[in-house]
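Bear in mind these aren't lab numbers, they're just calculated from the coordinates by the rules spelled out. These figures come from a predicted structure and were not determined experimentally. Here Cβ is always computed from backbone atoms with ideal geometry, including for glycine, and neighbour counts include all displayed protein chains.
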Amino acid sequence: MCGRFASTSARFNRIEATLGTTFPEVRSRYNISPSQSIPVIRGSADGGHEMVDMRWGLIPCWSTEPKISYGTFNARAESLAEKPAFRAPFRSRRCLVPASGFYEFMWTRQAW
């Protein structure tokens with residue numbers, strides 16, 4: 001699972017060419033972490049596509065406030081449709097997250 005990702009403006013240019021539309025200029029970012037606001041592309045009401053800023057993460061429907069005690073920002077593909085936190089959003093709320101790369105920090109402890 002990815003803990004951070006990068007998104008470059010070149011990625012948005014390719015998506016614009018593929019969809020045949022234009023979006024506002026986006027600056028490249030190389031250290032995007034969970035809970036940050038990111039530009040995503042989703043379907044618009046008129047049947048086209050729009051770019052909007054969204055928070056990276058999921059607030060489960062049973063949560064009463066945006067800040068919950070555990071972070072829900074990644075899901076395993078093999079259990080996505082069954083897990084209660086992801087089941088409904090997986091069925092009906094989709095978007096495209098333009099990513100140029102992803103990575104996970106690996107912390108090791110060395111004995112001295």
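FRET efficiency for the ARG87 to ARG4 pair, using the beta carbon distance and R₀ = 30 Å, is estimated at 0.70. Cβ-Cβ distance of PHE102 and GLU78, R₀ of 22 Å, FRET efficiency by 1/(1 + (r/R0)^6): the value works out to about 0.75.
Taking amide H as placed 1.01 Å from N in the peptide plane, HIS49 has its amide H under 5 Å from the amide H of SER44, each at least 5 places away in sequence or on another chain. Full extension of the chain between ASP53 and TYR30 gives 6.6 nm of extra length, using 0.36 nm per residue less the Cα-Cα distance.
Count Lys and Arg as plus one, Asp and Glu as minus one, and take only other residues whose Cβ is under 11 Å from that of VAL97; the net charge is then +3. Positive-end ranking of SER100, VAL40, ALA17 along the dipole of the range 4-103, with charges on Cβ about the Cα centre, is headed by SER100. Each other residue within a Cβ distance under 10 Å of SER7 adds +1 if Lys or Arg and -1 if Asp or Glu, for a net charge of +3.
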